[in-house]
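Accompanying notes for the structure given below.
The values are calculated or read from the model by the stated rules, or taken from the named source; none is laboratory data. Source: prediction; values computed, not measured. Positions of Cβ are generated from backbone atoms using ideal geometry, with glycine treated the same way; all protein chains shown enter the neighbour counts. Note: accessible area is taken over every heavy atom of the protein model, side chains too, but ligands, DNA and RNA are not part of it. Shrake-Rupley method; radii C 1.70, N 1.55, O 1.52, S 1.80 Å.
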Amino acid sequence: MPGAWITKTGQQSQVSQVECDQKTWKISLDVSHFGSEEVSVKTKEGYLEITGKHEERRDEQGVISRSFTRKYKLPAEADLHQMSCTLSPEGILVVEAPLASSPIPFPAETEIPIQMLENMCFCLAGIKICSQTDLLLIRLNPLCFNA
């Protein structure tokens, strides 16, 4: 699968995903190697720009520092004034913007605040779900609903 990686739990997932329908433009990006204060989101010149950077840290193999910049071309109809950005406890950043019926002029540059989501659990068919990984496993395993 292009753009896939293996998570800490051994599950395959998408590094980056872009979804667009008639009403909404949405991206999801794994930024789990960065803290919320190390990630910034802004719009600039018709692009959504996500950057992450952390200074050198010690890990089990030595010292590591990471940084990235990812840019996504925004649809001309994206309403940046209503754009939202959330970060899940699992490190999945989701940026979403409603689409207008006609193009909207882009502002020069706008910082998009990141809202932290709390880890919430819910029950689905008697199964406790506490993360997107749990929900994905259930979607992939039809036996969960045949018990």
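Taking the range 46-87 only, how many residues are among the small types (Gly, Ala, Ser) and within 16 Å of residue 114 (Cβ to Cβ)?
The qualifying residues number 2.
Please go through the range 44-64 and give me each residue that is among the hydrophobic types (A, V, I, L, M, F, W, C) and open to solvent by 40 Å² or more (accessible area, probe 1.4 Å), ordered by number. Within the range 44-64, 63, 64 meet the criteria. I'm checking my understanding of the structure. Among residues of the range 29-43 that are crowded, with 19+ Cβ neighbours inside 10 Å and out of contact with any Gly (no Cβ under 7 Å at 6 or more places or on another chain), which one is farthest from residue 59 (Cα to Cα)? Out of the qualifying residues, it is 43. Note on the range 89-108: residues that are part of a strand (DSSP E or B) and of a type outside the set (Gly, Ala, Ser) amount to 7. Taken together, the criteria place residue 67 among residues that are in contact (Cβ under 8 Å) with a residue 12 or more places away in the chain, closer than 18 Å to residue 33 by Cβ and open to solvent by 40 Å² or more (accessible area, probe 1.4 Å). Identification of strands (runs of 3 or more DSSP E) wholly contained in the range 31-88 with 1 or more residues that are of a type outside the set (Asp, Glu) and at positive phi yields 62-73.
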